[in-house]
Ligand code: PFF
């Protein structure tokens, strides 16, 4: 049934192409950088258990809803939502849910590229260390031999103090993202996912086994899986877990609607969404199993938050056999994951801009990538010159610099708001015959999905939104 106004002419070459690209979008800095730091800050086990509950009961139903909207509408995210609304006899104003998500995706891209730029810098740093360890005949020794802990941790502030370098890395990462998206859905996005995702999984498994074998595996396992019911019930921990599940599955960012539109009518969306969510969650947990044994073995703090990956972990590689080589592979792996996510962040607005302004793909990507880069400069400078610039010094933005504001605006407002509207739209507004017919599930599972989308998802996501806004 080709819907009126269908515009997507590009598509995945197979169901696996879709699964790899969507998993590539979901698996990113959120899994490798944000999940371990959040788990560390929120006490480990309780956070992890609640995170898994959130993925299954809230993330998965919303993920299926978003891909459904895209696949039915077959256009950019806004167009697809309009088609579903029109075919359901509802107002096309519901397409605002996609507009909000798209804005969120675009703003995330602005700072995602800054952090991914740090990752590029660390690849270079470890590559240099591999070379010097080979020259010194100490390949099997730890990373950064001869440097003190402070010196290793100082690599991050040193990067912050060097604007041309930091902005150069940001520009390089953005340019790579633009290049891939400009090559198209099949020739760019799917192609890198097909190569990079299997390589990513191999690296992740390899590094994790090595880390568990050489690091403090027992302590890490205890920390990640110890069940402490007292902590489980803390609202802060619960909301942190829900917000993390959301960001990690790329929900509320118009992205899964966009990718869903490239899926063909035969694809079973329910099973595909389940595979994507399961892969994303496994990667987050395995990333914890890769990182914490190394950090525990080095006796460093697991609750160091956002600097865990860039300061604590590199310092921990010093005590690990072949640390520089493993560190190099680790950051290469993070780069692969970040790139398959950033292309998704750029693709969602690109699809819309191409259609809306009738632009060629190459022009749309260069334009959007250029603007995202320029806005991202303000985020990069938030780590030095603009650290004390608080452009929106009120309410939840009080005391926040530009980087923090973009993070808060997207994570606490735009993404949850878009996902809330998705759940209400699919749960209550869209024609049920249409969403039921195309979702690929039946019987009890289908009833459960309906209940979760109509009731639990709006309530839970509404709660994150209100709680987030109250600060
Ligand atoms: N899910 C990605 C991560 O975990 O790093 C982040 C992300 C990518 C969010 C794409 C939203 C999106 F559209």
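Of the residues that make up the range 154-161, is at least one within 30 Å of residue 363 (Cα to Cα) and modelled with pLDDT of 95 or more?
no
What's the total number of residues in the range 130-154 that are within 12 Å of residue 319 (Cβ to Cβ) and over 33 Å from the mean Cα position of the chain (by Cα)?
Going through the range 130-154 one residue at a time, the tally reaches 2.
Would it be correct to say that residue 327 is under 14 Å from residue 40 (Cα atoms), in contact (Cβ under 8 Å) with a residue 40 or more places away in the chain, part of a helix (DSSP H, G or I) and out of contact with any strand residue (DSSP E or B) (no Cβ under 7 Å at 6 or more places or on another chain)?
Values: under 14 Å from residue 40 (Cα atoms): no; in contact (Cβ under 8 Å) with a residue 40 or more places away in the chain: yes; part of a helix (DSSP H, G or I): yes; out of contact with any strand residue (DSSP E or B) (no Cβ under 7 Å at 6 or more places or on another chain): yes.
Answer is no for this residue.
Got at least one residue in the range 3-17 being in a helix (DSSP H, G or I), within 15 Å of the ligand (Cβ to nearest atom) and modelled with pLDDT of 85 or more? Let's see the steps before the verdict.
So in the range 3-17, the residues in a helix (DSSP H, G or I) come out as 15-17.
The next check asks that each one be within 15 Å of the ligand (Cβ to nearest atom); those that pass are none.
No: the range 3-17 contains no residue that is in a helix (DSSP H, G or I), within 15 Å of the ligand (Cβ to nearest atom) and modelled with pLDDT of 85 or more.
In the list 62, 83, 48, 56, which residue meets the criterion of being farther than 18 Å from residue 254 by Cβ and either at pLDDT 95 or above or touching a strand residue (DSSP E or B) at 6+ places or on another chain (Cβ under 7 Å) (or both)?
Going through 62, 83, 48, 56 in turn, the sole match is 56.
Does residue 97 meet the test of being more than 15 Å from the ligand (Cβ to nearest atom), crowded, with 24+ Cβ neighbours inside 10 Å and within 21 Å of residue 419 (Cβ to Cβ)? Don't jump to the end; show me each part of the working.
Numbers: more than 15 Å from the ligand (Cβ to nearest atom): no; crowded, with 24+ Cβ neighbours inside 10 Å: yes; within 21 Å of residue 419 (Cβ to Cβ): yes.
Criteria not met by residue 97.
Can you confirm whether the range 102-115 contains a residue that is within 30 Å of residue 405 (Cβ to Cβ), crowded, with 24+ Cβ neighbours inside 10 Å, away from the ligand (no atom under 14 Å from the Cβ) and under 26 Å from the mean Cα position of the chain (by Cα)?
Within the range 102-115, none of the residues are within 30 Å of residue 405 (Cβ to Cβ), crowded, with 24+ Cβ neighbours inside 10 Å, away from the ligand (no atom under 14 Å from the Cβ) and under 26 Å from the mean Cα position of the chain (by Cα).
Identify, by number, the condition in (1) within 20 Å of the chain's Cα centre (by Cα); (2) within 16 Å of residue 257 (Cβ to Cβ) that residue 468 doesn't meet.
(2)
Give the range 178-187 a look and list any residue that's surrounded by fewer than 19 Cβ atoms within 10 Å (Cβ to Cβ) and touching a helix residue (DSSP H, G or I) at 6+ places or on another chain (Cβ under 9 Å), or say none.
179, 183, 184, 186
For residue 327, are the conditions met, namely being within 16 Å of the ligand (Cβ to nearest atom) and either over 14 Å from residue 211 (Cβ atoms) or buried (at least 24 other Cβ atoms within 10 Å of the Cβ) (or both)?
no
In the range 226-247, is there at least one residue being within 16 Å of the ligand (Cβ to nearest atom) and under 27 Å from residue 354 (Cα atoms)?
Looking through the range 226-247, at least one residue is within 16 Å of the ligand (Cβ to nearest atom) and under 27 Å from residue 354 (Cα atoms).
Taking the condition more than 16 Å from the ligand (Cβ to nearest atom), touching a helix residue (DSSP H, G or I) at 6+ places or on another chain (Cβ under 6 Å) and closer than 20 Å to residue 407 by Cα, does residue 375 pass? Show your work before the answer.
Values: more than 16 Å from the ligand (Cβ to nearest atom): yes; touching a helix residue (DSSP H, G or I) at 6+ places or on another chain (Cβ under 6 Å): yes; closer than 20 Å to residue 407 by Cα: yes.
Considered against the rule, which asks whether it is more than 16 Å from the ligand (Cβ to nearest atom), touching a helix residue (DSSP H, G or I) at 6+ places or on another chain (Cβ under 6 Å) and closer than 20 Å to residue 407 by Cα, residue 375 comes out as yes.
Applying the selection to the range 155-174, what residues are under 24 Å from the mean Cα position of the chain (by Cα) and surrounded by fewer than 15 Cβ atoms within 10 Å (Cβ to Cβ)?
168
Restricting to the range 388-413, and then to whatever is in contact with a helix residue (DSSP H, G or I) (Cβ under 8 Å, 6 or more places away or on another chain) and outside any helix (DSSP H, G or I), can you tell me which residue is surrounded by the fewest Cβ atoms within 10 Å (Cβ to Cβ)?
In this case the residue turns out to be 391.
Quickly run through the range 217-246 and pick out the residues that are touching a helix residue (DSSP H, G or I) at 6+ places or on another chain (Cβ under 8 Å) and within 17 Å of residue 305 (Cβ to Cβ).
223, 224, 237, 239, 240, 241, 243, 244
The values are calculated or read from the model by the stated rules, or taken from the named source; none is laboratory data. Since the structure is predicted, the reported quantities are computational estimates derived from the model, not experimental observations. When we count neighbours, we look across all protein chains shown, and the Cβ atoms used for this are built from the backbone with ideal geometry, even at glycine.
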